[in-house]
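The values are calculated or read from the model by the stated rules, or taken from the named source; none is laboratory data. Because the structure is a prediction, the values reported are computed rather than measured. In this analysis, Cβ positions are derived from the backbone assuming ideal geometry, glycine residues included, and neighbour counts consider all displayed protein chains. We work out accessible area using only protein heavy atoms, side chains counted, and drop any ligands, DNA or RNA first. Shrake-Rupley method; radii C 1.70, N 1.55, O 1.52, S 1.80 Å.
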Amino acid sequence: MGNFISGGSRPQYHRDHQSPPPPNPNPQFEGNYPLPYHHQQDCARYPYGEMASPVQYVEHQEAVTIRNDINLKKETFRFEPDEQNPGKFLLSFTFNASVPGSISVMFFAKEGKECNFNATKEDLFPSTTVSFAKGMGQRFKQACGTGIDFSALSETDLVEASESDVYHVAVIAEVVSEDDHPESETLNRQITHVVLEKGHKDEYKARVVKQILWVNGKRYVLQEIYGIGSTVDDNGEDANERGKECVICLSEPRDTTVLPCRHMVSI
């Protein structure tokens, strides 16, 4: 049996006595004590410090709403054979535009200041620019003879371009927002970064890897919201219609985006 040192209202354990820590005086905290025990000269062990760490202040930043006047649907990008020019392929996709503007297609383009792009192989793969009117569900397709000849490409060209931050294909949609003053002529852009992927029979596919917004002199990278895009499966059914319920409650429709994970749920 251990020896006690007299004095005090509670027993003091002897230094040679290996006793468990005293019971937790604050049962609302899990465990015995959140902090280690300290030895004093009377050999008693007791907790010290605060019972819980102070709550850290989290700074909340106000969300900025940006109007996007044009949207290129990245799942619709593809190359189609140029029927009038065998061996060449034309880039096509669908887009929505609330204001008129223009679309430029550049091959092996390098991004410069203020989201301006320069084609690094203009002599081999000329750039093209076409105008468009405002409207929903528009279809873009390069004019015959302005496409790309994949036989002039090599794997080395594609690898070197990727390593030097050169876009295989850059699609620049440029508009003048109706909210801007006409005299300022501030051009808002949506830039779509497309990479060329070689498939079967030496055919190339277009895959969108990034979309950028240049609005009022600021650069924004678009992030996908999971569960809000329209996807159609092999049976022609809309996947979002089948699974449009909240991923948490599985009953209410999705109407809220959660950040930073970017999933759609209901609140």
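Within segment 70-90, work out how many residues are out of contact with any Gly (no Cβ under 6 Å at 6 or more places or on another chain) and over 14 Å from I191 (Cβ atoms).
11
A quick yes/no check of all residues on (1) at pLDDT below 60; (2) surrounded by 14 or more Cβ atoms within 10 Å (Cβ to Cβ); (3) small (G, A, S):
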site: L35; (1), (2), (3): yes, no, no
site: H39; (1), (2), (3): yes, no, no
site: I70; (1), (2), (3): no, yes, no
site: L90; (1), (2), (3): no, yes, no
site: P100; (1), (2), (3): no, yes, no
site: S104; (1), (2), (3): no, yes, yes
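Quick one: in segment 142-167, which of the residues that are over 27 Å from the mean Cα position of the chain (by Cα) and either at pLDDT 95 or above or among the polar types (S, T, N, Q) (or both) is most open to solvent (accessible area, probe 1.4 Å)?
Out of the qualifying residues, it is S151.
State yes or no: is H193 at pLDDT 90 or above, of a type outside the set (V, I, T) and surrounded by fewer than 21 Cβ atoms within 10 Å (Cβ to Cβ)?
In short, yes.
Considering only residues of segment 127-140 that are in contact with a Phe, Trp or Tyr (Cβ under 8 Å, 6 or more places away or on another chain) and surrounded by 11 or more Cβ atoms within 10 Å (Cβ to Cβ), which is nearest to M106 (Cα to Cα)?
For segment 127-140, the residue satisfying everything is S127.
Going by the conditions given, is A133 closer than 25 Å to F95 by Cβ, hydrophobic (A, V, I, L, M, F, W, C) and over 25 Å from the mean Cα position of the chain (by Cα)?
yes
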